[in-house]
Amino acid sequence: MDFEELRDILTREQRSKLAKLEPDFYESVRAYLDGLREEQKTASDREAPLLADELETAGDRLQRIFKLRVGKIVKLASLNISMEIDGTRYEVDAMTPVERDIYHSVLAAVRQGWSEIVEMLAGKSGPPTPEETPARIVEEVSDAEQIEDVEVPGHGVLDDYTIVRVLKDIPTFMGADSHHYTLAKNDVVTLPNLNAKVLCKRRAVSPVAIQ
C-alpha cells in the first residue's frame, strides 16, 4: 500500500458500486501509516513536514473510504431484507472480513426491526423498549456436569449461543440477536454463534468446552 494506491482506491469508491478490496486492505493501510510514523522519527527538517502532510492526507483518505463503504454496506443490508437484487453476491465478496462483519450485524438488526414492524401491522404487541443488555456471566461447568436445553434469559435455547471466555476488553457492540454487549477481559459469557465465531477468529475470545 502507498499514497497513490490509496488515492486510486478512494477514486474508485466514489463511484456508485462497492469496489472490491483485498481482504487485508485495512491491515495494509495500517502498515503503510505505521511506516510513515517510523520515517518521521529519523526524518530531516526538510523531510519531516512532507511526511506529516502525507500521513495526514493518507489518514483522511482512509476515513473517507471507510465512510463511503459503510454507507453502501448499510444500504445493501437494508435492500436485502425486502428483495433479491442483482449483484448482491458480488458486493458481499467485495467486502473485507471486517466489513462483512458489519454487513451481517446490520442485516440482523434490520431483520429484527422489520419483524417487529410486521407484528405491529398485524396487531400484535409492539417492539420492546430498547435497552442495553449486558452479557450474562456464566460459571464454568465442570466435566462431571451435564447441560440440557439450557435457557439463556432474554435470548433463547443455548444451542443458538456459544459460551466463551473473553481474552481482552471489547467495546459495546450489537449482537446478531439485536442485544448490546459490553465485554471485559476474563468474563465468561454467552454470545450469539455468529458473533462468537467472528471474535474467536480475531482471538478476542475463546470457546469454553462444556460436556
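A few notes on this one:
- Counting only strands (runs of 3 or more DSSP E) that fall entirely inside region 170-211 and contain at least 1 residues that are closer than 18 Å to LEU107 by Cα, the qualifying elements are 170-174, 180-183, 188-192.
- Once region 10-25 is narrowed to residues that are touching a helix residue (DSSP H, G or I) at 6+ places or on another chain (Cβ under 6 Å) and at pLDDT 90 or above, the residue that is nearest to VAL92 (Cα to Cα) is GLU13.
- Within region 151-159, one or more residues are on the phi < 0 side of the Ramachandran plot, modelled with pLDDT under 65 and assigned to a loop (DSSP other than H, G, I, E, B).
- Note on region 28-60: residues that are surrounded by 14 or more Cβ atoms within 10 Å (Cβ to Cβ), of a type outside the set (Val, Ile, Thr) and within 24 Å of VAL92 (Cβ to Cβ) amount to 1.
- When residues in region 170-206 are screened for being touching a Lys or Arg at 6+ places or on another chain (Cβ under 8 Å) and surrounded by fewer than 20 Cβ atoms within 10 Å (Cβ to Cβ), 5 of them pass.
- In the condition set (1) part of a helix (DSSP H, G or I); (2) touching a residue at least 24 places away in the same chain (Cβ under 8 Å), LEU18 is compliant with all but (1).
- Search result, residues across region 1-22 that are exposed (fewer than 13 other Cβ atoms within 10 Å of the Cβ) and under 23 Å from VAL74 (Cβ atoms): THR11, GLN14, ARG15, SER16, LYS17, GLU22
- Screening region 78-110 for residues that are among the β-branched types (Val, Ile, Thr) and at pLDDT 75 or above and picking the one that is farthest from GLN63 (Cα to Cα) gives VAL106.
The values are calculated or read from the model by the stated rules, or taken from the named source; none is laboratory data. These figures come from a predicted structure and were not determined experimentally. FYI the Cβ positions are ideal-geometry reconstructions off the backbone, even for glycines, and counts take in every protein chain you see.
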